């Protein structure tokens, strides 16, 4: 029975790659047999040897530009031409998806909203689900189409639903990019078709990818391997092979055009650590995935997130000048796990930065110093040190009252 199931899955995969509903992102390229069923070989693994190295300088990445980032810290673990401005192809849709996620979480739109396709959205070309003018789909279905099939028409329909027009939505995309500190990015459209003055960088893509995966809802779409729309009439297969072939993959987005080459922003989670591997201008589809896999393997093999208990560090009380109490007790807030090289846990050292005294008044929760964790000279984590209670300033009436209280006791 299992053998029959495997054979059926293989046949289904072949049919899907030939079906018009799952077109390649590069409109002029032939459809590749990308979608392998269980039991078949990993196509990009067989073409390129993926090495796991201990030093980033020894890592070989064939693409023109690449970045590896850890999500919690935002630390760059590997970079190659990280700030070179390049056309991003459908990786553009990461910003489209981010604005959609934010609109859903704010209550501006809902997954059940029905979006009516405009003539403009239906004439995008490239990857698409062939929306017809006037056809209505839910936000939920359009998200599925964008995340799984990289559908340009669905991306534009979402943008129009959020902002009224693609042009207005692109303004919002660029505004959000500036807010995130994406210094070398300019969007002209919301789907990623090649256009003059439409560019970004590997670093900026990592930044917006980091922001997108902070929304748990996105992985419900970006991790789908196969699905369907229109009551099963339109089959979808993910353009991101890593979702099927890389353990721990959580997404995120592929992109391919003549100008951009083969691109991917690949996210994965292992051992509680999320990594983002951005690859731009790969020579072939397989090479972009091999590059992304090599970056992810390097990150997971050499780095780890370690939980630091700030309560283990003894903190001295701080003297209060002119206060109703002579000193104030302090404590450090908890911090996110710190990113360190594997095997260096014992090298983490804590440094307490606190003044000898502070002037009254002191508010409860007031920041008085910093608890810093270092490995050698490198800062790996910081925690604010706060006053545990408030201390009022001594006033003349209060001082006289205390003096009288002491005299009465005598």
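Since every read-out is calculated from the coordinates, none of them should be taken as a lab result. These numbers were taken from a predicted model, which means no experiment stands behind them. For neighbour counting, all protein chains shown are included, and Cβ atoms are generated from backbone atoms with ideal geometry for every residue, glycine included.
The table for this structure:
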{"read-out": "Simple spin-label estimate for residue 55 and residue 112 in nanometres, 7 Å along Cα-Cβ", "value": "5.9"}
{"read-out": "C-alpha center-to-center spacing [region 266-316, region 180-194] in angstrom", "value": "24"}
{"read-out": "Distance in nm between pseudo-label sites at residue 140 and residue 356 (7 Å out along the Cβ direction from Cα)", "value": "6.6"}
{"read-out": "Stretch gain in nm, segment residue 171-residue 333, where the contour uses 0.36 nm per residue and the Cα spacing is subtracted", "value": "54.5 nm"}
{"read-out": "Residues in region 343-362 that a label on residue 302 would reach, taking backbone N under 18 Å of a point 7 Å out along Cα→Cβ", "value": "343-345"}
{"read-out": "Those residues of region 109-141 whose amide nitrogen sits under 15 Å from the label point placed on residue 220, 7 Å along Cα→Cβ", "value": "109-113, 138-141"}
{"read-out": "Label zone at residue 119, where the point sits 7 Å out along the Cα-to-Cβ direction: region 141-180 residues whose backbone N lies under 19 Å", "value": "153-154, 156-158, 160-161, 164-168"}
{"read-out": "Share antiparallel - DSSP beta bridges, region 310-396, percent rounded to 5", "value": "85"}
{"read-out": "Net length gained if the chain between residue 259 and residue 408 were fully extended (0.36 nm per residue, minus Cα distance)", "value": "44.8 nm"}
{"read-out": "Label point distance in nm, residue 84-residue 388, each placed 7 Å from Cα along Cα→Cβ", "value": "5.5"}
{"read-out": "Tensor-based shape of region 88-137 (alpha-carbon gyration tensor, a/c under 1.5 rounded, otherwise prolate or oblate)", "value": "oblate"}
{"read-out": "Kirkwood-type radius of region 310-396, with distances r between different C-alpha atoms, in Å", "value": "14.0"}
